[in-house]
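The values are calculated or read from the model by the stated rules, or taken from the named source; none is laboratory data. None of these values were measured; they are calculated from a predicted model. For neighbour counting, all protein chains shown are included, and Cβ atoms are generated from backbone atoms with ideal geometry for every residue, glycine included.
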Amino acid sequence: MTSFSPHRAFAVARKEVMHILRDPFTLALALGLPVMLVTFFGYAIDFEVKDIRLAVYDRDGGPAARRLKEIFSASGYFRPVEPEAAAGPIGMLDSGRASAALFLEPGFSRTIKGGGEAPAQFVLDGSDNSKAAAVAGYLPGIAGAARLRLSGPGGGEPFYAETRFLYNHELNSRWFTVPGLSAIIIGLLAILLTALTVAREWENGSMELLLSTPVRPLEIMAGKLVPYGVLVLAGVVFVYLSSRLVFGVPFEGGHLLYLAACVLFITAALSQGLLISVLARQQQVAMQFALITGLLPSMLLSGFIFPVESMPRFFRALTMLLAPRWFMAAVRGITLKGADLSELSEPFLALGLLAAGMLALALKKFKTDLEP
Amino acid sequence: MGITLRAFIRKELVQTLRDTRRRVLLFGAPVIQLTIFGLALSTEIKNIRLAVFSRPDDAMFLRLAERFYASGWFVPAVRGPGDDPMELIASGGADAALIAPAEGLRRSAERGSGKMQLLVDASNASKARAVEAYSKSVISEAALREYGTPLRTPVRFDVRVLYNPAMRSSLYLVPGVMGMLVCLITIILTAMSLAREREVGTFETIVSAPLSDLEVLLGKTVPYVILGLLDAALVVGAGYMIFGVPVRGPLWQLALASMVFVVATVAIGTFVSTVSRNQQQAMLGGFIFLFPAMLMSGIMYPVENMPGAMIAAAYLDPLMYFVRLLRNIMLKGGAPGVFWTDVGAMALMALASAGLAYRRFRRTLN
């Protein structure tokens with residue numbers, strides 16, 4: 001019994017599958033999470049900030065002020081609300097009844113009619129990160145529209161750029177969030193479930209029992225990991241099917257390449273889960289470890305929502321060591337851009353190295369801890 | 001409170017804090033996470049890799065390109081001499097490409113066209129939107145400089161950002177991240193700790209001890225309320241010391257809001273544990289609650305943006321109220337009217353979930 005026996009590994013795998021199947025509640029929860037995430041990101045979440053409540057304090061009342069208000073509401077981003085005299089602008093922002101306020105002083109329309117530049121004060125609620133940056137970003141566009149509409153003919157730009165959005169012409173948020181969910185689901189299920197399931201064997205003392213059988217550590221590991229790998233892959237297939245069939249997200253690239261990226265990332269994630277369980281040996285500790293090193297990086301440092309390029313240099317370097325970041329790059333490249341392996345050589349190389357490294361590390365730790 | 005109950009709570013606390021790894025995870029991890037998120041995450045899009053394509057003698061266009069790179073939003077994309085703009089974006093070498101008119105920008109502008117092409121990689125839609133907005137503002141600015149007077153801007157916006165004038169993203173993120181971390185720790189830990197007793201079989205020992213149902217429940221939950229509050233204080237302190245995030249409102253408001261919120265989440269965690277048989281189930285069940293709670297909380301994008309039914313659901317999300325309260329207290333100084341309605345709503349939820357958890361807990365005991 002020196003070499004790896006697929007037969008014994010298979011027996012452990014069968015036991016693990018029976019464990020999973022005997023507990024339909026866990027299985028339902030494990031499969032319910034992807035369904036819930038896809039529903040949320042598919043239906044509820046739109047990163048385009050709209051309907052910003054704008055309180056307009058118009059002390060001018062002239063035609064140009066009226067037109068400026070029209071420009072704000074026609075942009076689709078702002079919804080003018082009646083200013084409340086009692087609360088005052090700061091009071092309205094304090095209580096959250098308005099997110100921004102616009103002040104137009106007397107003489108605003110006269111200045112513009114006379115060809116001058118009229119100041120307009122714009123006050124913004126800076127306590128809400130999801131809104132403030134977006135609102136500030138809309139203002140140049142509003143100023144541009146005001147230039148065209150308020151100055152009349154001759155106010156056009158001497159040069160301008162016509163924008164073409166590649167790969168997602170209508171800037172549909174779903175097209176980039178839903179395919180990216182596969183990274184979250186792998187980060188969540190593969191790492192957490194394996195970390196917990198192996199830690200449970202330690203915690204309950206059944207690992208010693210398993211070790212006293214003729215099954216070798218390597219076979220235990222393979223047998224424990226493969227069923228979870230299949231379970232996680234089912235979650236990914238669900239994300240794939242729902243994004244294509246329900247949300248109409250295009251899939252431009254090769255399926256084989258996509259599968260390869262998934263397998264590499266799942267390998268890395270499962271190995272990470274195993275490594276955590278060996279280090280933690282208790283389910284609660286394992287869970288917290290997995291959360292910090294697995295789920296949060298896949299959600300926040302992978303570029304899923306916050307672009308990696310916007311991070312400070314140190315963190316950009318740090319993300320190079322995170323498999324989810326490379327997986328996200330590969331998935332976005334394959335689904336939306338139709339990139340092939342030569343264009344994605346960098347993410348694939350990194351994913352492969354990280355998966356191999358993590359697997360080797362987990363194996364080594366697992367073996368040194370188990371073998372006499 | 002009886003002596004037995006106090007002893008029980010102490011035993012639970014000692015048990016949780018005895019292990020060094022646990023202490024590190026409970027108190028070290030939130031601070032590390034806060035630091036990483038505060039430093040790394042920014043809603044502002046920066047370092048957009050822009051490639052420009054023009055004839056080498058197009059001076060006006062090259063000046064425009066310089067303006068792009070000087071704006072702080074764009075950096076030059078690395079490219080070879082024979083690269084095609086589309087291929088460069090496809091391979092991920094650039095995020096955007098600006099292509100000059102073939103005849104040169106000055107000649108084209110003077111003929112009355114002046115049309116350039118901006119190709120934007122929209123595989124990340126929010127980023128693409130920002131790239132377009134930034135480009136437009138750089139281009140209008142450049143047009144103004146090149147052609148001076150004929151181009152008037154009738155309205156000049158003086159933008160003042162209240163509560164966060166420098167628009168520092170750490171100031172934005174700390175209240176949201178704090179709510180998220182406290183929620184995560186209390187719900188999952190409470191749920192798993194109770195489920196663990198059942199899984200390992202020590203639950204029977206506790207039940208056979210001379211304690212009433214309520215005492216058992218309090219003994220198992222009060223330690224997590226204490227730990228949750230300690231974590232909340234720790235995160236506020238770290239936010240203040242590392243990022244200078246202020247607490248502009250009164251401290252008692254912050255303490256009361258955190259207290260009510262932690263009671264609510266611990267009660268939810270207890271409820272989750274009563275419906276799960278082992279720690280794995282408790283963890284997954286906790287996430288089934290946590291994900292919608294985090295996504296509907298307004299931490300990452302505004303609640304008002306969601307469809308109607310989701311907005312209604314968001315009003316049942318304690319985390320939504322807590323994050324709103326934290327932003328209000330820490331950054332705005334705590335407007336009293338809003339404070340009491342939000343705390344009241346959270347207290348109702350805490351009561352309802354505590355009642356529900358108690359009923360289920362008693363049923364599982366007997």
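Which residue is nearest to A:THR26 (Cα to Cα), if the candidates are limited to the stretch A:197-221 and must be touching a Phe, Trp or Tyr at 6+ places or on another chain (Cβ under 8 Å) and not polar (S, T, N, Q)?
Going through the qualifying residues, I end up with A:MET221.
Only one of these conditions is not met by A:ARG164: (1) facing chain B (nearest Cβ under 7 Å); (2) of a type outside the set (Phe, Trp, Tyr); (3) surrounded by fewer than 19 Cβ atoms within 10 Å (Cβ to Cβ); (4) in a loop (DSSP other than H, G, I, E, B). Which number is it?
So the condition that A:ARG164 fails would be (4).
For the stretch A:264-280, indicate whether the set of residues that are in contact (Cβ under 8 Å) with a residue 40 or more places away in the chain, under 24 Å from A:ALA199 (Cβ atoms) and surrounded by fewer than 19 Cβ atoms within 10 Å (Cβ to Cβ) is non-empty.
Yes, because at least one residue in the stretch A:264-280 is in contact (Cβ under 8 Å) with a residue 40 or more places away in the chain, under 24 Å from A:ALA199 (Cβ atoms) and surrounded by fewer than 19 Cβ atoms within 10 Å (Cβ to Cβ).
I'm checking my understanding of the structure. Among residues of the stretch B:301-336 that are β-branched (Val, Ile, Thr) and free of Cβ contacts under 8 Å to residues at least 40 places away in the same chain, which one is surrounded by the most Cβ atoms within 10 Å (Cβ to Cβ)?
Only one residue tops the list, namely B:VAL303.
Of the residues that sit in the stretch B:22-72 and are at pLDDT below 90, surrounded by 21 or more Cβ atoms within 10 Å (Cβ to Cβ) and more than 10 Å from chain A (Cβ to nearest Cβ), which one is nearest to A:MET311 (Cα to Cα)?
B:GLY38
Provide a single number: the residues in the stretch B:310-334 that are touching a helix residue (DSSP H, G or I) at 6+ places or on another chain (Cβ under 9 Å) and either farther than 23 Å from B:TRP252 by Cα or not aliphatic (A, V, I, L, M) (or both).
First, the residues of the stretch B:310-334 that are touching a helix residue (DSSP H, G or I) at 6+ places or on another chain (Cβ under 9 Å): B:310-311, B:313-334.
Next cut, either farther than 23 Å from B:TRP252 by Cα or not aliphatic (A, V, I, L, M) (or both) only: B:310-311, B:313-318, B:321-322, B:324, B:327-328, B:332-334.
Looking only at that region, the number is 16.
If A:ARG200 satisfies all but one of (1) more than 9 Å from chain B (Cβ to nearest Cβ); (2) more than 30 Å from A:PRO250 (Cα to Cα), what's the number of the condition it fails?
The single condition A:ARG200 does not satisfy is (1).
Looking at the stretch B:278-304 only, could you name the residues that are farther than 20 Å from B:LEU325 by Cβ and within 7 Å of chain A (Cβ to nearest Cβ)?
B:GLN279, B:GLN280, B:GLN281, B:MET283, B:LEU284, B:GLY285, B:PHE287, B:ILE288, B:PHE291
Of everything in the stretch B:100-135 that's assigned to a loop (DSSP other than H, G, I, E, B) and out of contact with any strand residue (DSSP E or B) (no Cβ under 9 Å at 6 or more places or on another chain), which residue is surrounded by the fewest Cβ atoms within 10 Å (Cβ to Cβ)?
Among those residues, the one meeting the criterion is B:GLY112.
Out of A:VAL239, A:VAL226, which single residue is modelled with pLDDT of 85 or more, part of a helix (DSSP H, G or I), more than 14 Å from chain B (Cβ to nearest Cβ) and within 16 Å of the chain's Cα centre (by Cα)?
Unique residue meeting the criteria: A:VAL239.
Quick one: which residue in A:LEU318, A:LEU361 is over 21 Å from the mean Cα position of the chain (by Cα) and either modelled with pLDDT of 90 or more or of a type in the set (A, V, I, L, M) (or both)?
A:LEU361
Inside the stretch A:22-130, counting only helices (runs of 4 or more DSSP H) that do not spill past its ends, which hold 1 or more residues that are closer than 18 Å to B:PHE157 by Cβ, under 39 Å from the mean Cα position of the chain (by Cα) and more than 8 Å from chain B (Cβ to nearest Cβ)?
Once the helices (runs of 4 or more DSSP H) in the stretch A:22-130 are filtered for at least 1 residues that are closer than 18 Å to B:PHE157 by Cβ, under 39 Å from the mean Cα position of the chain (by Cα) and more than 8 Å from chain B (Cβ to nearest Cβ), what remains is A:63-74, A:88-95.
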